[in-house]
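The values are calculated or read from the model by the stated rules, or taken from the named source; none is laboratory data. What you see is a predicted model; the values in this text were computed from it and never measured. As a convention, Cβ positions derive from the backbone with ideal geometry for all residues, glycine included, and neighbour counts pool all protein chains shown. The protein model used for the area step is the full one, side chains on, heavy atoms only, and it has no ligands, DNA or RNA in it. Shrake-Rupley method; radii C 1.70, N 1.55, O 1.52, S 1.80 Å.
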Amino acid sequence: MGKSYVILKDAPVMDYMHDYVALPKNYGSYEYFHREDVKAIRETVFAALDDLDARTGLTEEVKGYKKVIIKPNLVNVYHKAGFAEEDYPETTDPRVFEAVVNWFRDRNDHVVIAESSGKPFPASASFVITGYDRIAKHYGCELVPLERRPVARYMLPKAEVMKEILIPDLFDEIVTGDAFYVSVPKMKTNIYTGVTLGFKNAMGTIPYFLRERNHTHDINKKLADMLYLFKPNCTVIDGIIGGEGSTPAPVDPVDVHMIVASNQSVEADRITTYMMGFDPNENKLIQEADKRGFGDPDVEIVGNVRVTKFKPACPSLMRGELHEKYPNVVVVAGHTLNGAPEITDPNNVTPDQAFALEQACVGGCLSSVGFGFACDDQSKTSHYDAKLMIIVGSGVKINGTRYWFDGTGKPYTKEDIFNSGYRTMAMGMCTGEDMLAEATFPIKRCCDPAECLNAVSNSLGTVTSQLNPVTNTSLVPVAVPKLLSTIYWRSKWILQGKAVDVPQEHGDKIWELPPLSTEDAKKDYISWPIPPLTTQQKIGGLTDMLNLAESLTGMFGMIKYYTK
């Protein structure tokens, strides 16, 4: 490994607050490429990569690979998606991404644009909405929706959480050294991990159901574990228009006008976190990467380190902005996991202790439900008067009775909750089968963000998110057919005996590896090929496809609701 650099380049100060989600219709024309903002962004991206090239020999390195894989962040594309604003800076700016593609395309003839968006919205639809498909056509690049590809499997012996990992066959070429990997994330906050930047962008490389595994208080460990298998060769962070708020919900724009380029993803994330106004030493994701030795204390930062303070994501319904906006939503928390405070007297619980009980599993259902409410908040018909009691955790057992506590520290028994007159939402498997059975809106998996979003929509009595088929102009003409195509491709691979995902299993547990030798246990990763699927495994895989098909059922149900 050579020396690590992080290059910071300020873009000229001007108005960038347009076309930061989707390309205009005249993309590719003389008029488009000679716009002042487009030229300024391109020059800034080129300057950052040229500077990194001069210090690291990036050009010669790129030429030595068979292909370059460039991954944006398109987890949720919010363009004319049925919310109060037409655009939200959730995804990698296509103006930035186009410049990155251009720079690498000049140095390697085989460039692949690859992404897997958040379930159930397919990446192939995101490519169309953002205009990335037109970028690919303009530069003669491949365009690969990763959720449509069969997977390769590896063991991660040193991992703390994600000991088994599956990646699309395309990304297996990164592991084998045949492909150069460029990560191009958006500079934004995140409700699960505080910030979501360079190496967290890798969440979009693993298949749908594997993403749901350990999408809990263990999410930071899980993401750091992935670095044992592969890391970005180059990270280019889109900081032209940042996003602040509760990603993956719609976020507010932040005018930063900066590009960050690096050959060390952890250090790129560290300095960017600082420039967003947060202490990187307090960020649990960066802490986990450091604990495993993935940072570089000798990194050289080149450029103007300036702070633009971002509003933090708030993974709480008990406190913060969402609590203030939804005064009739009551959270009662009773976690007993992940260092939750020990309660011995139910009548002497402080608000801070109750808050700590709620926050014991930030990376799971709590944040996903918060995502749902944040989507409602940005909708055109927000339901701030919703009357709902949300149950968090299994309950703290004291003298044989289980207790949950609201934001004031007031105790609730099971009987208190279900006799309160409120509709109820039981949040995840950890609440227990008895609570799930009685709740008005049970979230039965741990943790499925799509299920949590649906539970919130149902609890509000209508649909207020990007799944509104009347106000989201791309849902029916683009997303529905692309989702059908995704189901077709995944089913096709399964019928050929090739795995596309892990079985859809949930639970707060670690999926362990088979016994390893002392020598193998010291390795970063071990190839673990998946045998051809058995008939029973094919049936199981096709059954899991129904999870995606259910999304279609929900969409058409919403069409009926909105057109009745």
- Message: Taking the alpha-carbon distance from K66 and a cut-off under 28 Å, which lysines remain once sequence neighbours fewer than 8 residues away in the same chain are dropped?
- Response: K3, K137, K186, K200, K231, K492, K498, K523
- Please work out the C-alpha center-to-center distance from segment 478-504 to segment 326-362 and express it in whole Å. 40 Å
- Task: Express the accessible area of segment 149-196 per residue in Å², computed with a 1.4 Å probe while the remaining protein chains stay in the model.
- Result: 20 Å²
- Calculate, for segment 289-383, the solvent-accessible area per residue in square angstrom, rolling a 1.4 angstrom probe over the heavy atoms of the protein chains. 44 Å²
- Determine the gain in length on full extension of the stretch K444-R319; use 0.36 nm per residue of separation and subtract their C-alpha separation, reporting nm with one decimal. 42.5 nm
- Based on the alpha carbon coordinates of segment 89-226, what radius of gyration and maximum Cα-Cα distance (Dmax) apply, in Å? 15.2, 43
- Query: At a Förster radius of 51 Å, what calculated FRET efficiency corresponds to the Cβ-Cβ distance of E415 and R153, to the nearest 0.05?
  - Reply: 0.60
- Task: For I398, enumerate residues with amide H under 5 Å from its amide H, sequence gap 5+ or separate chain, H modeled in the peptide plane.
- Result: Y403
- Item | Whole-angstrom gap from segment 385-400 to segment 1-58, using each part's C-alpha centre | 49 Å
- Query: From the list [x] 180; [y] 190; [z] 155, can you say which value of volume of the Cα convex hull per residue in Å³ was derived from the structure given?
  - Reply: [z]
- Query: Non-local amide H neighbours of T424 (under 5 Å, H modeled in plane, Pro and chain starts lacking H): which ones?
  - Reply: M389, T440, F441
- At 1.4 Å probe size, with no ligands or nucleic acids counted, give the accessible surface of W511 in Å², nearest ten. 30 Å²
- Rounded to the nearest 5, what % of the DSSP beta bridges within the chain are antiparallel ones? 50 percent
- Taking the alpha-carbon centroid of each part, what is the distance from segment 150-220 to segment 245-281 in angstrom? 18 Å
- How much length, in nm to one decimal, is gained on full extension between R55 and T381, taken as 0.36 nm per residue of separation minus their Cα-Cα distance? 112.1 nm
- Compute the FRET efficiency between S517 and Y30 as 1/(1 + (r/R0)^6), taking r as their Cβ-Cβ distance and R0 = 45 Å, and round to the nearest 0.05. 0.10
- Message: Restricting the calculation to Cα positions, tell me the Rg (one decimal) and the Dmax (whole number) of segment 325-449 in Å.
- Response: 13.8, 47
